[in-house]
Structures are given as C-alpha cells and as structure tokens.
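What follows is a short report on a single structure.
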Amino acid sequence: MRSKADHTAAIQEHRRAALVVNTRSRRGRHHYAEVLRLVEAANFRLTGVHPITDPSRLRDIVERALSAGPDLLIAGGGDGTLSSTIKHVAGKDVALGALPLGTTNNFARSLGLPLDLQGAVRVLTEGKVADIDLGLCGDRPFANLASFGVSVEVAGTVRPWLKRLLGRSAYPLTAMTILPGHQPFRAYITADGRRHELLTHQLNIANGRFHGGWQIARDAGIDNRTLVAYQLGSGKRLRLIGETLVRATTGRWRSLAGGPFVTGREILVETDPPMAADIDGEVRLRTPLVIKTIPNGVRVMVPQDFVDR
C-alpha cells in the first residue's frame, strides 16, 4: 500500500474517485443531485456514479465501484450505509470519503467532518488520508457501535417519518415507548483480564466517539486503539429515562477516567439471557460475543487537523 502522504497526494492531484449514494437514507434522496453537483464541481474524475435504491444490493454496488480502481470511494448515507461500506474498503489501498446523509451521523462526527455537504466535500479536496480503527464484533466489521438491550428494539421500531421529522431525537423518544415493557438483563464484560457484572436495560460497546449524535466522552476516539463499554442507567427504568433525557437535551457526558466505563482492545460480552446485538443498525449476532478493535484498519479522508495516531 502507498504511504498515507502519497495516497493524499494522488487524491488531490488526480481526483480519481467513485461515488456511491444511498438514496434511501434520510437525506440521500433529496440531496443526491446536490451531491453530484458538488463532487463534479470539485473536479473529481468519477470512475462511476452508483445510486443505491435497494439497500440489499449495497454490497454488490460497492464492490462494482471498487473494481474500477479509484483512489477514493465517496460514500453518501447514514451510519448504517457507511458501516456497511467501510468493511469493503478495510485493508485496501483506497480511502473512504464520507458524506453525512443520515439522522445521527455518528461516524462523520467521530472523524470531525462538517455535517453540511459543501463542507464535507471540501474535506475530500483539502483534507488528508488517515487510518482509523475498525471494530470487529464476532466476524462482522463495524465503524461505530455494537449495542444490546433497548436499542435493538428501537432499531426495528423507530419510524422513518419520525426520523425525518425529529432527526436524532427520534431514537430516545422511541426508546421511551419501549422501555415500560422492557426487562433488564444481566451482562458480564471481560476486558484486560477483569470481569465486570452489571444489571441494565442498555449496554453499548463503542469504537467511535459518538452515539445517537452525542459525544460519549470528551476523550473517547475512533483512532485510539480502545473500545469503550458503558451502560445507560441501570436495572431501574427511571434511571435510564433520566440519563436518556439528559443526553437527548444536553449531550453532557464525562471523561473516560471519571465515568462508569470499561475500556480495552478486546472485550468479551456475555448476557443472561443471550441477546441480539445491534451492530451499527444491523441486528445480526447473539451473545456471547468477542468484540475487538483493529488498529489502523481502514483509510478515510479527514480534516487536516484530525489527530492521526
């Protein structure tokens, strides 16, 4: 693979890129024409333009886009689209350029990207190539978060019209409707040889820095070779409601050193009863699960001030 400096220079000089846009995402359909206009105005030489109207075909479309050998794969969509795309870029001599077109845009926030399209495209032309950590839950790569509990039901329940209307606030509001009938579960988290036990309604394992559009902790990051496990609330519903409301209204959270966090490069998650995992919006695997971080697992375009470790 090229050095990151050489890769950055190739993108800035040759502008050879493929464009993939999920037109089923919250903003993808409405902004598709604008995305195409901005990318072409930035003088990118597009090897292909690939709108995704059927998410089940995303894998085939991304692989077709990569077969043309671009230096940069520009992907527009929400966190689910970007997480599904990133696994095809991982370990390859191509960088992912993210255009945030989703509801919470956790991945874009973790990279420090502007959330407006013009600013995000500017990063593709003026930014740099960095290599960030990739999460691995069982055998499934992910960009941002694996979670267990209420969020799994929220992922399958939240209404598309509510997401369009309220944006990221749709998730905590949907959780409020589910929580009264939700039963707490016992989780066992093993990291760095230490086993932790807790009773909760919600457990998250984060590779990125944001969840639900809010910062997990000031010193969390997507390029620090560290996963962060934390619960929201406890086994008591009222406590989870209180913490959810605080995060939904203020985004306030504490430092990793001062909060109820478990950190490590590899975390074993066991639950009683066994539970499904929501992996960046896809509900696939069940506990017990080993979740790892793959240091510098994927190349992305980031702003020049992004700290590349």
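The values are calculated or read from the model by the stated rules, or taken from the named source; none is laboratory data. Because the structure is predicted, anything quoted here is derived from the model rather than measured. Using ideal geometry, Cβ is built from the backbone for each residue, glycine included, and neighbour counts are taken over all protein chains shown. Note: accessible area is taken over every heavy atom of the protein model, side chains too, but ligands, DNA and RNA are not part of it. Shrake-Rupley method; radii C 1.70, N 1.55, O 1.52, S 1.80 Å.
Going through (1) assigned to a helix (DSSP H, G or I); (2) open to solvent by 60 Å² or more (accessible area, probe 1.4 Å); (3) under 29 Å from residue 104 (Cα atoms) one by one, residue 5 falls short only on (3). Inclusion of residue 3 among residues that are without any contact (Cβ under 8 Å) to a residue 40 or more places away in the chain, over 23 Å from residue 142 (Cβ atoms) and among the hydroxyl-bearing types (Ser, Thr, Tyr) is warranted. Would you check if residue 59 is over 21 Å from residue 140 (Cβ atoms), part of a helix (DSSP H, G or I), of a type in the set (D, E, K, R) and open to solvent by 10 Å² or more (accessible area, probe 1.4 Å)? Criteria not met by residue 59.
Just one of the listed residues (73, 38) is open to solvent by 20 Å² or more (accessible area, probe 1.4 Å) and either modelled with pLDDT of 95 or more or not in a helix (DSSP H, G or I) (or both), namely 38. The residues on offer are 18, 68, and the sole one that is closer than 24 Å to residue 6 by Cβ, among the hydrophobic types (A, V, I, L, M, F, W, C), open to solvent by less than 50 Å² (accessible area, probe 1.4 Å) and in contact with a Leu (Cβ under 7 Å, 6 or more places away or on another chain) is 18. In region 43-56, which residue that is surrounded by 15 or more Cβ atoms within 10 Å (Cβ to Cβ) and either closer than 16 Å to residue 15 by Cβ or among the β-branched types (Val, Ile, Thr) (or both) is modelled with the lowest pLDDT? Step by step, filter region 43-56, then rank; the result is 52. Filtering region 217-226 for residues that are surrounded by fewer than 18 Cβ atoms within 10 Å (Cβ to Cβ), modelled with pLDDT of 75 or more and over 19 Å from residue 292 (Cβ atoms) leaves a non-empty set. Going through region 10-53 one residue at a time, which ones are in contact with a strand residue (DSSP E or B) (Cβ under 8 Å, 6 or more places away or on another chain) and among the small types (Gly, Ala, Ser)? Correct list: 10, 17, 18, 25, 28, 48. Restricting 62, 129, 49 to those that are among the β-branched types (Val, Ile, Thr) and touching a Leu at 6+ places or on another chain (Cβ under 6 Å) reduces the list to 49. Scanning region 21-30 for residues that are part of a helix (DSSP H, G or I) and open to solvent by 50 Å² or more (accessible area, probe 1.4 Å) returns 29, 30. Where strands (runs of 3 or more DSSP E) sit wholly within region 262-308, those with at least 1 residues that are open to solvent by 60 Å² or more (accessible area, probe 1.4 Å) and farther than 25 Å from residue 213 by Cβ occupy 266-272, 282-286, 289-302.
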